[in-house]
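Beneath this line is the structure, given in structure tokens, with notes to follow.
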Amino acid sequence: MTKKKTNQMASPWANDPLRRPHLPEQEEQLIAEAIRCLEARYQVAGDCMSSPELTRDYLKLRLYGLTYEVFAVLYLDNRHRVIQYRELFRGTIDGASVHPREVVRECLHWNASAVIFAHNHPSGVAEPSQADIQITKRLQQALELIDVRVLDHIVIGEGEGTSFAERGLI
């Protein structure tokens, strides 16, 4: 007897009641499918996170609408192809503690050549704070020691996200 394969996709937010609580199940499924399509596209040889706009669009799908702050990292190979997306730290409505030691360890684990940081501001304001700028500098210094480049740090809020690279902060 063979098992039938179902075409139903589990929502990536099904086990987390705080993620996007205002969206109906059908919309959650649509977002989950969009994320899978983007991940498949960016992990194919030749395609890469080549601009802040492409990266911002991908990260907005992942981080927008959360009621708590999340600090995430895109681990990239030497051609800037995505190796892995990981949400490393989860905080509260106004902050998340970021530990450089853990970021370095994850970079070594994934054998990353470059990274893109991202986090959301549940307030909806995508303007980087002084704390955001400070932790980015600390992370850059730590990752320089292991030859991992920081390409960008994107803050997701309402509307457009803010790219540190576009602002000249990296």
Task: Hydrodynamic radius by Kirkwood, which averages 1/r over all alpha carbon pairs of segment 25-167, in angstrom - done: 15.2
- [ ] Grab the other residues whose beta carbon is less than 11 angstrom from that of residue 113, score K and R as +1, D and E as -1, and report the net.
- [x] +1
Task: Label-point separation, residue 149 to residue 53 (7 Å along Cα→Cβ), nm - done: 2.1
Task: Efficiency of FRET from Cβ geometry, residue 102 and residue 166, R₀ 25 Å, rounded to 0.05 - done: 0.40
Task: DSSP-defined antiparallel bridges as percent of all bridges, segment 25-167, nearest 5 - done: 70
Task: Which of 162, 92, 67 has the fewest Cβ neighbours within 10 Å, and the rest in rising order - done: 92, 67, 162
- [ ] Would you kindly calculate the mean projected area, averaged across all directions, of the convex hull enclosing the Cα atoms of segment 95-170, in square nanometres?
- [x] 4.9
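The numbers here are math on the coordinates, done by the rules we state, and not lab data. Just so we're clear, the structure is a prediction, and the values are computed from it rather than from any experiment. Cβ coordinates were reconstructed from backbone atoms using ideal geometry, including for glycine residues, and neighbour counts include every protein chain displayed.
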